[in-house]
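S.K.: The structure under discussion is supplied below as structure tokens; questions concerning it will follow.
Read the figures in this text as sums done on the coordinates, not as results from a lab. Every value quoted in this text rests on a predicted model; they were computed, and no experiment measured them. A quick note on method: Cβ atoms are made from the backbone with ideal geometry, for glycine too, and the neighbour counts reach across all protein chains shown.
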Amino acid sequence: MAYTFSPETQAKFDRLVTRYPQKKAALIPTLWLAQEEIGWLPPEALAHCAAVLDLPPSKAYSVASFYTMFNLKPVGKYKIEVCRTLSCAMCGAFELIAHLEHKLGIRLGETTPDGKFTLMTQECLASCGTGPMLQINGKRYHENLTPGKLDELLASLT
Amino acid sequence: MSTTKILSAYWHVQDSHTIDVALQQGAYVVAHDVLKGARSPEDVTNEVKKSGLRGRGGAGFPTGMKWGFLPKDNPKPRYLVINADESEPGCFKDRYIIEESPHMLIEGCILASYAINAHDCYIYVRGEFWHQQRILQQAVNDAYAKGYLGDRCFGTDFKLNITVHSGAGAYICGEETALLTSLEGERGYPRLKPPFPATHGLFQCPTVVNNVETIANVPWIVRHGADEYSKIGKYVVGEDGKPKVDSRGTRLFCGSGAVNKPGVHEVPLGMKLIDYIDEYHGGVKGELKGAIPGGSSCPILTADEVRSVEMTYESMVAHGTMFGAGGLIVIDQETSLVWVLHNLLRFYAHESCGQCTPCREGTDWLYKIFSRVLVGKGSEADLQEILDIADNMEGKTICALAAAATMPTRSYIKKFKDEFVSYFVKGGRPVDLRGRYIQSPAMARL
Ligand SMILES: Cc1cc2nc3c(=O)[nH]c(=O)nc-3n(C[C@H](O)[C@H](O)[C@H](O)COP(=O)(O)O)c2cc1C
Ligand code: SF4
Ligand code: FES
């Protein structure tokens, strides 16, 4: 199915291209706009992002596939990413992961059958002093977590 | 010792990130005066040079000197690019500058752009900093609304546009040339140097890349002068008239790991590291084994070294390590260093951009060896193998990521040889990071 930006996204795109002397430099911000709208980057979205910047679709795919935050496959409604790097690991990140795997009934890298949660790990998110922590959908950080706080957090995600 | 706070001076004030609070705290006064003609661009550069300010992004390069490298006769546009990628494990300081005093950064961008005659400034913020990007964008919008940015900054002829640009998840984009490639809309591949960004940077134009903290220091330095700045920190002139210790100013340090109170603190350079840990982080949690002073890419210090090292560039070098980006990770006796290294090597294997075979294969190979050793299947030969692999990586790659993985690896094995030999040779049962025996093999996959 063909994909085009919604009018609001189109307006955002029109503003952002003016910020760069070369159109291509707007590629990553443009991919962000599409992912914000769809939740992931299907081939049609990659093709559209490339087309509006006069680039071949392969360019959009090549660039998107380099960066961990672009979803090239659909993810659950809530993509939970737990930091696994040293400082967080020292203060309970793995216990947090084990707790999540148990509560959600999935393993790392998997999505719950109802499509609600995807569980992943992340590398250091610059919250080493407030670990263990996780990020949801690439947006909010949830820091200083304990199993109890985690249960409250999960319950709040509807 | 001076307790002057530069970067965190008003973080304690409610809503310190807003332009109203920033203005109450004196923000933009010096940028206004300078642009109105009080100081020439050369004057600003010279003040920064004289202050001895060094880059806070990792390499510690003198900032004023970097600005001076831009060619005078190149007709192309010039760019200022701010590195807000902050992805080095253990570092979490730039985010607080953005969260608590974004206008200090913006004012620094105005002064630095004026000094190097740039009219476009990009702030490259790591993609995961969704929240911080919003705060920064709001601050930039407010500065535009006040007329501090745009075609006529402060009503003068000086034009400056600042664009907040989001990354999308890649540690390597913190490396300055990878950052530029990424900013141009490409995969974040580092470029060979030379040519340096000073001549062939963003869009092949003369470019200065500076860290957030570096630039946030600039308004204070220009306002109070290099002489005042030089009174902060440690500055000792030797008998030959040359500085013996030149570690001026304050730095933000991020303490995590085995400390009682993790967090970020701004302290003048020159303190003893152990005093800093005791005073600001409530001391070591448990018994001290060692510490990584500046982020995961810095060689480790033993407990004795942690007690003797001073927080100066010189003392760090004398102890075979560096400040990096101020990410102090304290390690206690309960923590297995084999586990620590395994954890970090996985990070580097994951983050290698893959351009250079020695780095792409080498980081992965090191990680695989440690994965095997961790579950008790190591041998003494592995230790030699690891050093051989390191030899084949260092100095043979495009960027410093390969060395960022091998230098710490070497230091751990050299300084804690007994622990490694006994684990590698005796094997024994696998332990997790807390020194506990691994209950399920699943724990080893992390
Ligand atoms: C692998 C690697 C990762 C880096 N990551 C960062 C980073 O996240 N933030 C940063 O400011 N500098 C980082 N640097 C250092 C930059 O390349 C560059 O030296 C710095 O941004 C220059 O600014 P400064 O002179 O103000 O320190 C990294 C370097 C390497 C080799
Ligand atoms: S050293 Fe590693 S990270 Fe750097 S360019 Fe080569 S492969 Fe990429
Ligand atoms: S180690 Fe988890 S945020 Fe840095």
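S.K.: Against the 2.2 N^0.38 Å scaling, with N counting residues, where does region A:1-111 land? I'd like the Cα-based Rg ratio to two decimal places.
M.R.: My calculation over the Cα atoms of region A:1-111 gives 1.32.
S.K.: Have a look at B:Ile110, B:Ile123, B:Ile274 and tell me which one the Gaussian network model of chain B (Cα, springs below 10 Å) gives the largest fluctuation.
M.R.: Of B:Ile110, B:Ile123, B:Ile274, the most mobile in the Gaussian network model is B:Ile274.
S.K.: Sticking with this structure for a sec: Please identify every one of the GluC sites (Glu not before Pro) in region A:46-141 that sits in a loop by DSSP and has no more than 16 other beta carbons within 10 Å of its own beta carbon.
M.R.: Details: sites: A:Glu81, A:Glu95, A:Glu101, A:Glu110, A:Glu123; in loops: A:Glu110, A:Glu123.
Passing sites in region A:46-141 are A:Glu110.
S.K.: Using the Cα atoms of region B:271-315, I'd like the radius of gyration and the largest Cα-Cα distance, Dmax, both in angstrom.
M.R.: Radius of gyration, then largest Cα-Cα span, for region B:271-315: 10.1, 29 Å.
S.K.: Still on this structure, please answer the following. With unit charges on the beta carbons (Lys and Arg positive, Asp and Glu negative) and the dipole taken about the Cα centre of the protein assembly as shown, which residue among B:His319, B:Thr363, B:Phe92 sits farthest to the positive side?
M.R.: Toward the positive end, the furthest listed residue is B:Thr363.
S.K.: What is the average number of partner chain Cβ atoms found within 10 Å of a Cβ in A:77-86? Intermediate results must be reported in sequence, preceding the final value.
M.R.: Working: counts 0, 0, 0, 0, 2, 1, 2, 5, 10, 17.
Mean number of neighbouring Cβ atoms from other chains: 4.
S.K.: Here is a follow-up. Once you charge only the Cβ atoms, +1 for Lys and Arg and -1 for Asp and Glu, what is the size of the charge dipole of chain B about its Cα centre, to the nearest 20 debye? Walk me through the numbers before you get to the answer.
M.R.: Details: 48 positive and 52 negative charges, 78 e Å.
Here the size comes out at about 380 debye.
S.K.: Also, I was wondering about something else. Report the Rg/Rh value for region B:208-342, based on alpha-carbon coordinates and the Kirkwood definition of Rh.
M.R.: 1.00
S.K.: Using modelled backbone amide H atoms (1.01 Å from N, in-plane), which distant-in-sequence or interchain residues come within less than 5 Å of B:Asp120's amide H?
M.R.: When sequence neighbours closer than 5 places are left aside, the close amide H contacts are B:Leu80, B:Asn161.
S.K.: Treat chain B as a sphere of radius equal to its Kirkwood radius over Cα pairs and apply Stokes-Einstein at 4 °C in a medium of 1.567 mPa s; give the translational diffusion coefficient in µm²/s, rounded to a whole number.
M.R.: 57 µm²/s
S.K.: Let me know the longest stretch in chain A that avoids all trypsin sites (Lys or Arg not before Pro) found in a DSSP loop with at most 14 other C-beta atoms within 10 Å.
M.R.: Between the exposed loop sites, the longest stretch runs A:1-106.
S.K.: Is region B:1-75 rounded, prolate or oblate when judged by the Cα gyration tensor, a ≥ b ≥ c being the square roots of its eigenvalues, rounded requiring a/c under 1.5 and prolate requiring a/b larger than b/c?
M.R.: oblate
S.K.: Assuming a ≥ b ≥ c are the square roots of the Cα gyration tensor eigenvalues, decide whether region B:317-361 counts as rounded (a/c under 1.5), prolate (otherwise, with a/b larger than b/c) or oblate. Before the final figure, lay out the partial values.
M.R.: Working: a/c = 2.51, a/b = 1.43, b/c = 1.76.
Cα axes put region B:317-361 in the oblate bin.
S.K.: Moving to a separate point now. With respect to the cross-link table entries A:Lys79/A:Lys149; B:Lys231/B:Lys415; B:Lys72/B:Lys159; A:Lys59/A:Lys116, which display a Cα-Cα separation exceeding 25 Å?
M.R.: Numbers: A:Lys79/A:Lys149 18 Å; B:Lys231/B:Lys415 36 Å; B:Lys72/B:Lys159 19 Å; A:Lys59/A:Lys116 31 Å.
Long pairs (Cα-Cα over 25 Å): B:Lys231/B:Lys415; A:Lys59/A:Lys116.
S.K.: While we're on this one: Taking every residue in B:162-174, how many Cβ atoms of other protein chains lie within 10 Å of its Cβ, on average?
M.R.: The mean count of partner-chain Cβ atoms within 10 Å per residue comes to 4.
S.K.: At 25 °C and a viscosity of 0.890 mPa s, what translational diffusion coefficient does Stokes-Einstein give for region A:86-158, taking Rh as the Kirkwood radius over Cα pairs? Give it in µm²/s as a whole number.
M.R.: The estimated diffusion coefficient comes to 196 µm²/s.
S.K.: Next up: Classify region A:31-80 from the C-alpha gyration tensor, please: rounded if a/c falls under 1.5, else prolate or oblate depending on whether a/b exceeds b/c.
M.R.: Prolate, since a/c reaches 1.5 and a/b exceeds b/c.
S.K.: Here is a follow-up. Placing +1 on the Cβ of each Lys and Arg and -1 on the Cβ of each Asp and Glu in the protein assembly as shown, which of A:Leu125, B:Ala403, B:Ala139 has its Cα farthest towards the positive end of the resulting dipole?
M.R.: B:Ala403
S.K.: Right, here's the next one. Show the residues, 5+ positions off or on another chain, whose built amide H is closer than 5 Å to the amide H of B:Gly57.
M.R.: Here B:Asn211 satisfy the definition.
S.K.: How about B:Lys377: which lysines have a C-alpha closer than 20 Å to its C-alpha, ignoring those fewer than 8 places off in the same chain?
M.R.: B:Lys368, B:Lys417, B:Lys426
S.K.: Taking chain B as the reference, fit the longest principal axis to its C-alpha atoms, fit the long axis of helix B:401-415 to the helix C-alpha atoms, and give the angle between the two in degrees, 0 to 90, nearest 10.
M.R.: It works out to around 50 degrees.
S.K.: By count of other Cβ within 10 Å, fewest leading, how are B:Trp339, B:Trp220, B:Trp365 ordered?
M.R.: Taking fewest neighbouring Cβ atoms as first place, the list is B:Trp365, B:Trp339, B:Trp220.
S.K.: Pick from B:Pro268, B:Pro358, B:Pro195 the residue whose mean-square fluctuation is largest in a GNM of chain B, springs joining Cα atoms under 10 Å.
M.R.: B:Pro195
S.K.: Can I ask one more? Along its principal axes, what span do the Cα atoms of the protein assembly as shown show, with the longest given first and each in whole Å?
M.R.: So the three principal-axis extents are 76, 70, 47 Å.
S.K.: Choose one answer from A:Leu96, A:Leu125, A:Leu16: the residue with the largest mean-square fluctuation in a GNM of chain A with alpha-carbon springs under 10 Å.
M.R.: Result for chain A, Cα springs under 10 Å: A:Leu16 fluctuates most.
S.K.: Report, ordered by chain and residue number, the aspartates and glutamates lying within cross-link reach of B:Lys414, taken as a straight Cα distance under 19 Å and ignoring same-chain residues fewer than 8 apart.
M.R.: Once the sequence-local aspartates and glutamates are set aside, what remains near B:Lys414 is B:Asp304, B:Glu305, B:Asp332, B:Glu380, B:Asp382, B:Glu385, B:Asp388, B:Asp391, B:Glu394.
S.K.: Compute, for the protein assembly as shown, the length of the dipole vector about the Cα centre, with Cβ point charges of +1 (Lys, Arg) and -1 (Asp, Glu) only. Units Debye, rounded to 20.
M.R.: With Lys and Arg at +1 and Asp and Glu at -1, about 500 debye.
S.K.: Separate question: From the phi angles alone, apply the Karplus equation (6.51, -1.76, 1.60; θ = phi - 60°) to region B:142-149 and give each ³J(HN,Hα) in whole Hz, x where the residue is Gly or Pro.
M.R.: Karplus-based 3J(HN,Hα) across region B:142-149 equals 5, 5, 4, 4, 7, x, 7, 10 Hz.
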